[in-house]
Each structure stands twice: as structure tokens, then as C-alpha cells.
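Derivation of every value follows stated rules applied to the coordinates shown; laboratory data play no part. Not measured: the values here are computed from a predicted model. Every residue, glycine as well, gets a Cβ built from its backbone with ideal geometry; the counts of neighbours run over all protein chains shown.
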Amino acid sequence: MTWIALKMLTGDRNKYFGIIFGVMFASLLIAHQISIFVGIMSRTTSQIQDVLEADVWVMDNKVRYVDEIPSLQDTVLHRVRGVEGVEWAVRLYKGTARARLDDGNFRQVILMGLDDATLVGAPREMVLGSLADLRRPDAVILDEAGYTYMWPDQPLRLGKVLEMNDRRAVVVGICKASAPFQTLPVVYTRYSQAVQFAPRERNLMSAMSCAAASSGRRATRP
């Protein structure tokens, strides 16, 4: 019976190759769609993956996903630091801001505000500039893909000036960052600077980056 079934399958050469091609093409489409899905899902956690120092992110209990974060009161930070087993906890701001370029055009950007003392969550790979320059007044670090998007066909150069919330921001560094879910430039700055760039609200802290006391991870200082 097996031999008869095989003869029936391969008896018509055109139909046989049509079946083989159809199965191969269907497999290609399935693998292609799965890879697209996995790539999109990995982008939804890009900012979390880039904060390597933290074991835990503390947020409002109504958070649905990382791109829509209700703000926390600053007093929550001290409560988290007092929890047994927490070695350290620092402020973190994540939001969006509108940046005005030197030619008058506007771009929406993802704004990351890092703890002033430790710079937890800072980019690991710098293309131009130094992470220590982030401590200068009005300093921001821009991801490489975001720089290309904001100034297409221009070479990478430090000293570019942005304006956010009517405040001056100077690009002191260009870095590599994981691709975000939203195709927006990623801007890193100090927390105290980020709250000046962001539209003013009563509560501004997005989250806290924390490490367990047993993990041995340190909040590094550049």
C-alpha cells in the first residue's frame, strides 16, 4: 500500500512538484511571520532590557505596558528603599517629549531620565562622546538611529542643539540603544533635567530601578 501511495504521489510530475513548492512556500511564510512577531514583541521591552543593573522595576499597579506609565509620588522611593531585601532603588523617568530642531522642525522623542547620582540605565555602548558628559548642564545623549532620523544625510557630530519644553538641550553623546516599539529617537538625560524637559505634572517619577540585596549588583557611577 505504501508503494502504491508513493506511485500515486509522484505519478504526475507537475502536480508532485506543485505540492512540494506549496509546502515549502507555506513553511517560509510561517517562519517569516513568526520572526516578525518575535521581533515586534522584543521591541516592547527594549528599554527594560537596556537597564542591566536592575533586578526589579517598581511601577504603579495600574500599568498595562511600558509605553503608558502612570507617574508615582517621590515619597514612594523612600518606601521601596525601606523594604527588606532591597539593596538600592533609584528614580527613573520614561516618557515622550516634543523636540524642536535647529531648523524649526519638530520630532517626538522617547525621553529617559536617569538617576543623577548613579546614572542607572545609561547606555552601555557609546559611539561618540562620553557618558560622564551627561553631568554637564543641559546635556543629553541621543541614540544613533535617532540621530540619523532627526538629521538625515548628516555625519554624526556632537554639539547639536534641541529645544524641549522651551528649554535648551545639547547633544553631548551618541550611543547604541535597543530598537523601541515606537520608531522614535531615544534621548537620555539626568532625572533632574528630564523633569524640566517634560511637561510639568504633580507627579513625574515613572518607575524605580531596584536590586535585591542578594544579587550583588551595584548602581555604578561613571
Potential extension, GLU125-HIS32 segment - 0.36 nm per residue separation minus Cα distance: 30.5 nm
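Quick one: order LYS176, LYS94, LYS160, LYS62 by neighbouring beta-carbon count within 10 Å, fewest to most.
Numbers: LYS176 13, LYS94 22, LYS160 19, LYS62 8.
Listing LYS176, LYS94, LYS160, LYS62 from fewest to most nearby Cβ atoms yields LYS62, LYS176, LYS160, LYS94.
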Suppose R0 equals 30 Å. What FRET efficiency, 1/(1 + (r/R0)^6) with r the Cβ-Cβ distance, do ARG81 and LEU156 give to the nearest 0.05? 0.20
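Could you calculate, for the range 1-148, the ratio of the Cα radius of gyration to the Kirkwood radius, expressed as Rg to Rh?
Details: Rg = 26.0 Å, Rh = 20.6 Å.
Rounded to two decimals, Rg over Rh is 1.27.
Before rounding to the nearest 500, sum -39500 (n - 2.57) across all DSSP H runs of length at least 4 in the chain and divide by the residue total; then give [θ] at 222 nm in deg cm²/dmol. Kindly include the intermediate steps, with their values, before the conclusion.
Values: 6 runs with 67 residues, N = 222.
Computed ellipticity for the chain at 222 nm equals -9000 deg cm²/dmol.
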Count the DSSP beta bridges whose two residues both fall in the chain, then state the antiparallel fraction as a percent rounded to the nearest 5. 75 percent
Net charge near LYS94 (other residues with Cβ under 13 Å of its Cβ; Lys, Arg +1; Asp, Glu -1) is -4
Can you tell me the order of 136-146, 51-61 when each peptide is scored by its average per-residue count of other Cβ atoms within 10 angstrom, highest first? 136-146, 51-61
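Using 0.36 nm times the number of residues separating ARG98 and ASP60, minus their current alpha carbon distance, what extension gain do you get? Working shown, then result.
Numbers: separation 38, 0.36 × 38 = 13.68 nm, distance 2.43 nm.
Difference between extended and current length: 11.2 nm.
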Rounded Å value of the spacing that divides the Cα centres of the range 134-193 and the range 82-126: 11 Å
Under unit Cβ charges (Lys, Arg +1; Asp, Glu -1), what dipole magnitude, rounded to 20 debye, does the chain have relative to its Cα centre? 240 debye
Taking only Cα atoms, what is the 0 to 90° angle, nearest 10, from helix 13-43's long axis to the longest principal axis of the chain? 10 degrees
